[in-house]
Amino acid sequence: MVSDVHGNARDLARAGEGADALICLGDLVLFLDYADHSRGIFPDLFGAENADRIVELRTARRFEEAREFGARLWAGIGTDRATAIEQAVRKQYAEMFAAFPTPTYATYGNVDMPPLWAEYAGPGTTVLDGERVEIGGRVFGFVGGGLRTPMRTPYEISDEEYAAKIEAVGEVDVLCTHIPPEVPELVYDTVARRFERGSRALLDAIRRTRPRYALFGHVHQPLARRMRIGATECVNVGHFAGSGRPWALEW
C-alpha cells in the first residue's frame, strides 16, 4: 500500500512485489517537492529560486502573497496556465500508471486531476471513489480527494460532498482514504509545522462502523503514524515519494 507517490515512478514499479494487490491512496502528481525545491512542475517552469520563495511564503502561511507571487510568474511565461499544468500532469500520469502492477486499486489525492485518470488507468488498475470492492475476501472502501483549504489544490471538495462519499461506502473491513480522520495527532505535520485538514465525517464513520483498519496518507511527517480509535487501527501508510517503501497490510 502506498500514498503520496508524488512522481516516484521508479520505486512504484517495485511496490507491489510479493503482494496480492497494490493499493494506492493518491497524490501521484508532483507539483512542488517541499524537501527538494528543484523537483516538480513548478520548478520545471519557473526555476528552483522561485520555488524556494513560494515554499517560504506557504510555510509562513502567507497564502495570499504566495498566490500573488505565483500569478506574476504565470503571467510572464506566455502560456495558458491550465494548458501548461495539464501537459505536465499528463506526462507524470503516463509514467505513474505504467508503473502500476496488476492488480492495483487506487483512489485520488487532493493534488490529483480525476478527469484524466480514465485515460491512463489500464485494465489492471481499478479506480474507486466513494465505492467498495472485495480484495482477498475482505471488503475495502475507498474515498479520494481532500477538503477545501487555502492551498486550493485540484481535488478539494466540500465537507458535505466528502461526507456523502463516506456514507456511500458504509461498513467495510478496511476504510481507505487519502486524508486522515480529524484527530490532532494524525493531521499535524511536524516538518511543515501546520495542521492539515482531516475529516470529521471520516472520524465519525470510524467510530460508528468500526472497520478493522482505517488507512490514509496526505500528512507527510505526522506527529503520530498510527493510533487506535475504538476497535479500529488507524495507520498513515507513509510518504512514498520520500521513503520509496510500501506499507504492507497482512491478515
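The values are calculated or read from the model by the stated rules, or taken from the named source; none is laboratory data. Please read these numbers as outputs of a predicted model, since none were measured by experiment. We place every Cβ from the backbone using ideal geometry, glycine too, and count neighbours over all the protein chains shown. Accessible surface areas use protein heavy atoms only, side chains included; no ligands, DNA or RNA. Shrake-Rupley method; radii C 1.70, N 1.55, O 1.52, S 1.80 Å.
Table for the structure above
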read-out	value
Heavy-atom surface of segment 1-52, accessible at 1.4 Å and reported per residue (Å²)	41 Å²
Other-chain or far-sequence residues with amide H under 5 Å of ILE23's (modelled H)	VAL2, TYR105
Cα gyration tensor, segment 83-168 - rounded (a/c under 1.5), prolate or oblate	oblate
Gain in span if fully extended, ASP159 to ILE77, counting 0.36 nm per residue against the direct Cα distance	26.0 nm
Global form of segment 119-236, assessed from the alpha-carbon gyration tensor, a/c cut-off 1.5	oblate
Positive-end residue, segment 49-134 charge dipole about Cα centroid, Cβ charges, pick of GLY76, LEU128, PHE97	GLY76
Segments 106-119, 156-169 sorted - mean Cβ within 10 Å per residue, highest first	106-119, 156-169
Overall form of segment 34-78 per C-alpha gyration tensor (a/c, 1.5; a/b vs b/c)	oblate
Vicinal HN-Hα couplings computed from phi for segment 65-78 (Karplus, 6.51 cos²θ - 1.76 cosθ + 1.60; Hz; Gly/Pro x)	5, 5, 5, 5, 5, x, 4, 5, 5, 5, 5, x, 8, x
For segment 137-251, accessible area per residue (1.4 Å probe, heavy atoms of protein chains only), Å²	46 Å²
Segment 134-190: antiparallel DSSP beta bridges as a percent of all, rounded to 5	25 percent
Structure-derived Cα Rg over 2.2 N^0.38 Å - corresponding label in [x] 1.33; [y] 0.98; [z] 0.93	[y]
Accessible area of segment 151-236 belonging to carbon and sulfur atoms, whole % at 1.4 Å probe	48 percent
For ILE157, residues with placed amide H under 5 Å, excluding near neighbours	GLY146, LEU147, ARG148
Value of [θ]222 nm, deg cm²/dmol, for the chain, DSSP H segments ≥ 4, -39500 (n - 2.57) each, nearest 500	-10000 deg cm²/dmol
Separation of alpha-carbon centers, segment 165-204 and segment 30-64, rounded to whole Å	26 Å
Solvent-accessible area, 1.4 Å probe, carbon plus sulfur percent, for segment 3-134	47 percent
